[in-house]
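What follows is calculated from the coordinates using simple rules that are stated; it is not laboratory data. In this text, all values refer to a predicted model and were calculated from it rather than measured experimentally. Neighbour counts are summed over all protein chains in view; Cβ atoms, including those assigned to glycine, are modelled from backbone coordinates with ideal geometry.
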Amino acid sequence: MQQIAWQRELLRIVIIVALATATGMSFEQPFWGAFLGLIVSQVLMLKRLNELYRWSNNQGSAPQDGGLVGYSVDILVRRERSLNKKIDKQGKQLKRIAEGIESLKDGVLIVNQAGCMTSFNRASCHLLGLRADTDMGQHITNLIRAPRFVSYFKQADYSDVIELESPHRSNITVQIQVAQFGIDQKVIVVRDVTERQRVEKMRQTFIADVSHELRTPLTVINGYLEMLEDADLNPGISRAIKQMSTQNERMKSLVNDLLHLSKLESDNAGIGNDWFELQSLCAISVDQLRAYRPTSLTGEKFPEATLSCDCVSGIEILGFSEEFSSVLINLITNAIKYGHKEGLAAEVKVTIDTLDEGLEIAVTDQGEGIASNHLSRLTERFYRIDESRESTVGGSGLGLAIVRHALDHHDAQLKIESVLGEGSRFSFVIPNERIRMKGSV
Ligand code: ADP
């Protein structure tokens, strides 16, 4: 097609030049004739190009031409048609996506680099009380003013979500997650979590109530069992009573741990930070456990563990001393319970190191260790590595869940490292903002 257009164009020039040359020859001026022919063909070409230019600017109709100009027009028309089809298709796709976002129950907002809203869906209006006519273009922090959201929005790391009361309706709790997209835009997803929170609260209250109610009957049973332990009974019954006592102790520790965990999960937890001295707290926790010898379910005592703590004095931590102490006690208790090998006494070390990001506190033992496939699940409630192994020491299965929650309130995370047959290391880092040297303020 392109070749034919070229041939036609050339043929047109040749014919015009030949006719003009022939006319020039009849006046004995073939050269001027040919020259005139060339000028005429160029003028005609310019005329067609001008028509093409006007048409491309939407002025006038497309030039009707069988040469290169006509060929270009054909190509442009075809290209425009296919582009229009693509735009149409993409327009429909965009419309479908917009309709999908509009029909979501979750609020979706898009904000630009400056933090101003460039679009939001209907659910955002319901959850946050936005109004399309007045709020579009407003800065997001003018509409969600809660200080927690403002500092969350300003930070560059959005790996976490935050939950807060809706600024529009106080009976709605919303979960907000921000994600960066493109170079300078952010998408904010707002989810109604009121029902989930209500169920979670019900669960917590139920567990706390049941645990509380179980305390009294357990104390009574314990009293009678202690009385019977001292009585002169035949050996079979004595053994049964001993086992009942051990199980009763286990139930008591389970109930206490459940109560402790619900306290840590309650709304009031994590409020009322205060500075406390780390060394004295470590020393008290270690001393408290020095004489601790776990008993197996068959009633044997494990050998006494060696405990060491290398904490220097003068370091203060901003947090909750009771919760912090329960972290240390749980980790050291576990190290004593699980950190021994074949009847040998456990060697437990509590070490404190200064890192760039804060103060690292670690509890290390030289026990049997934990296989790597269990490590990520150890802080789940009631997660046990091996039931047969646990039944020898009788833990509640809640210790590490308590540790995780208590550390959350100190902006720290539990790190578990372990090598099978060599021992385990449970550590966490208290961030620098929560540490000071005594007397520095
Ligand atoms: P429990 O109250 O049963 O000790 P935890 O939540 O404290 O429950 O611990 C969960 C499980 O993690 C334990 O049952 C035990 O199998 C394992 N574990 C915890 N600490 C250690 C440790 N230092 N060495 C080996 N295993 C451990």
Please state the relative contact order of segment 1-75 as a whole percent: Cα pairs under 8 Å, 6+ residues apart?
30
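Computed over the Cα atoms of segment 271-441, what is the convex hull's projected area averaged over all directions, in nm²?
Its Cα hull, projected and averaged over all orientations, spans 9.8 nm².
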Using θ = phi - 60° and the Karplus form 6.51 cos²θ - 1.76 cosθ + 1.60, what ³J(HN,Hα) does each residue of segment 434-439 get, whole Hz, x for Gly and Pro?
9, 10, 8, 8, 4, x
So which trypsin sites (Lys or Arg not before Pro) in segment 143-177 end up in coil per DSSP with only 10 or fewer other C-beta atoms within 10 Å?
R145
Sequence neighbours fewer than 8 away in the same chain don't count; with that in mind, list the lysines whose C-alpha is under 17 Å from K201.
K263
What are the chymotrypsin sites (Phe, Trp or Tyr not before Pro) within segment 25-62 that DSSP puts in a loop, where the Cβ has at most 13 other Cβ atoms within 10 Å?
F27
Hull volume in cubic angstrom per residue (convex hull over the Cα atoms of segment 197-267):
69
In straight Cα distance, which lysines are under 29 Å from K95, not counting same-chain residues fewer than 8 positions off?
K85, K86, K105, K186
Per residue of segment 125-141, what does 6.51 cos²θ - 1.76 cosθ + 1.60 with θ = phi - 60° give for ³J(HN,Hα)? Whole Hz please, x for Gly and Pro, Karplus curve as stated.
5, 5, 7, 10, x, 7, 10, 4, 6, 10, 8, 4, x, 6, 6, 4, 6
Can you tell me the alpha carbon radius of gyration of the chain divided by the globular rule-of-thumb value 2.2 N^0.38 Å?
1.82
Could you list M437, M117, M136, M244 so that the one with the fewest beta carbons within 10 Å of its beta carbon is first and the one with the most is last?
M437, M136, M244, M117
P(r) of segment 315-384 over all Cα-Cα pairs, 10 Å bins starting at 0, rounded to whole percent, reads 16, 41, 35, 8, 0
Any GluC sites (Glu not before Pro) in segment 39-124 that lie in a DSSP loop and have at most 10 other Cβ atoms within 10 Å would be none
A correct fewest-to-most ranking of K349, K438 by other Cβ atoms within 10 Å would be K438, K349
Express the C-alpha Rg of segment 104-192 as a ratio against the empirical globular expectation 2.2 N^0.38 Å, rounded to two decimals.
0.97
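Can you tell me the equivalent ellipsoid semi-axes for segment 2-94? Use √(5λ) from the Cα gyration tensor, largest first, whole Å.
In descending order, the three semi-axes are 40, 13, 6 Å.
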May I ask you to sort D133, D310 by Cβ crowding, counting other Cβ atoms within 10 Å and putting the fewest first?
D133, D310
Principal axis lengths of segment 219-313 from Cα atoms, whole Å, largest first?
55, 37, 18
Prolate/oblate/rounded call for segment 280-352, Cα gyration tensor, a/c under 1.5 rounded:
prolate
How far is helix 278-290 tilted off the main Cα axis of the chain, in degrees rounded to 10, range 0 to 90?
50
